[in-house]
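Chemist: Here it is: the structure, laid out below.
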Amino acid sequence: MKKHNGMRPHDLVILAKIAAKDNENWMMKDLAYELGISASEISESINRSVYAGLLASDKKRLMKQSLIEFLEHGFRYVFPEKPGALVRGMVTAYSANPLAKEIQSNESVVWPYSEGDTRGQAINPLHVNVPIACKRDKKLHEILSLIDTLRIGKVREKKIAIEELKKRI
């Protein structure tokens, strides 16, 4: 196994995809295809997540409590983001479901995406292929939007996002 040099943003995308699959069996090649991330990068990411204690040693089961703890207390410091310019894209954070119903905002937050249908403030997705993967998988979109809320949201929004993540992970 390669030396562990810390988590990378797309590691959270992969963990979110595993959570979105719920109890469904999956293989690394399926994750690679569905996320548009190479199989070797999926493998290295899973090894990093096992090392960090976010996946069990069987490389299949999420360590749910540890993942929630990391997302709640460390994620925004490791992968910070600030909304930027107005662009066309796919809604995320509190602008997407499930939080869009609960949190009213004058400005939408989006991942820049040419096929998106919303104009809003841009934030960078955790991986370049996130909008494409989320277009195909509603559960993944919800989980990654909740995770993005932890990156850019205010205290109330983050609290609601954590409660919603606990239901989904």
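The values are calculated or read from the model by the stated rules, or taken from the named source; none is laboratory data. Quantities reported herein were computed from a predicted structural model and do not represent experimental measurements. As a convention, Cβ positions derive from the backbone with ideal geometry for all residues, glycine included, and neighbour counts pool all protein chains shown. Ligands, DNA and RNA are stripped out before the accessible areas are found, and what is left, the full protein with its side chains, is counted by its heavy atoms. Shrake-Rupley method; radii C 1.70, N 1.55, O 1.52, S 1.80 Å.
Chemist: Test of understanding: among 19, 100, which residue is under 20 Å from residue 142 (Cβ atoms), at pLDDT below 95 and assigned to a helix (DSSP H, G or I)?
Modeler: Residue meeting the stated conditions: 100.
Chemist: Select, from 14, 37, the only residue that is in contact with a Ser or Thr (Cβ under 6 Å, 6 or more places away or on another chain) and under 19 Å from residue 139 (Cα atoms).
Modeler: Selected residue: 14, the only one of 14, 37 that is in contact with a Ser or Thr (Cβ under 6 Å, 6 or more places away or on another chain) and under 19 Å from residue 139 (Cα atoms).
Chemist: I'd like the full set of residues that are open to solvent by 50 Å² or more (accessible area, probe 1.4 Å) and of a type in the set (A, V, I, L, M, F, W, C), limited to the stretch 18-32.
Modeler: Listed by number, the residues that qualify are 27, 28.
Chemist: Moving to a separate point now. Could you identify the single residue in 116, 120 that is assigned to a loop (DSSP other than H, G, I, E, B), open to solvent by less than 40 Å² (accessible area, probe 1.4 Å) and touching a strand residue (DSSP E or B) at 6+ places or on another chain (Cβ under 8 Å)?
Modeler: After ruling out the rest, the residue left standing is 116.
Chemist: Identify the residue in the stretch 44-64 that is closer than 13 Å to residue 7 by Cα and free of Cβ contacts under 8 Å to residues at least 24 places away in the same chain and, among all such residues, is surrounded by the most Cβ atoms within 10 Å (Cβ to Cβ).
Modeler: Out of the qualifying residues, it is 50.
Chemist: Which of the residues that make up the stretch 133-164 are surrounded by fewer than 19 Cβ atoms within 10 Å (Cβ to Cβ) and not in a helix (DSSP H, G or I)?
Modeler: Matches in the stretch 133-164: 137, 154.
Every residue, every condition in (1) under 24 Å from residue 74 (Cα atoms); (2) touching a helix residue (DSSP H, G or I) at 6+ places or on another chain (Cβ under 6 Å); (3) in contact (Cβ under 8 Å) with a residue 12 or more places away in the chain, yes or no:
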site: 107; (1), (2), (3): no, no, yes
site: 119; (1), (2), (3): no, no, yes
site: 122; (1), (2), (3): yes, no, yes
site: 127; (1), (2), (3): yes, yes, yes
site: 135; (1), (2), (3): no, no, yes
site: 140; (1), (2), (3): yes, yes, yes
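Chemist: Among the residues of the stretch 91-98, is there at least one that is in contact (Cβ under 8 Å) with a residue 12 or more places away in the chain, in contact with a Lys or Arg (Cβ under 8 Å, 6 or more places away or on another chain) and open to solvent by less than 50 Å² (accessible area, probe 1.4 Å)?
Modeler: Yes: one or more hits.
Chemist: Have a look at 35, 15, 71, 67 and point out the one that is over 22 Å from residue 153 (Cα atoms) and buried (at least 17 other Cβ atoms within 10 Å of the Cβ).
Modeler: Among 35, 15, 71, 67, only 35 is over 22 Å from residue 153 (Cα atoms) and buried (at least 17 other Cβ atoms within 10 Å of the Cβ).
Chemist: Quick one: in the stretch 47-70, which of the residues that are assigned to a helix (DSSP H, G or I) and among the polar types (S, T, N, Q) is farthest from residue 169 (Cα to Cα)?
Modeler: 47
Chemist: Which numbered condition in (1) open to solvent by 30 Å² or more (accessible area, probe 1.4 Å); (2) assigned to a helix (DSSP H, G or I) is the only one that residue 7 fails?
Modeler: Just one mismatch for residue 7, condition (2).
Chemist: Are any residues in the stretch 84-97 under 21 Å from residue 135 (Cα atoms) and assigned to a loop (DSSP other than H, G, I, E, B), and if so, which ones?
Modeler: Across the stretch 84-97, the qualifying residues are 92, 96, 97.
Chemist: Consider the stretch 123-132. How many of its residues are open to solvent by 10 Å² or more (accessible area, probe 1.4 Å) and among the hydrophobic types (A, V, I, L, M, F, W, C)?
Modeler: Count: 3.
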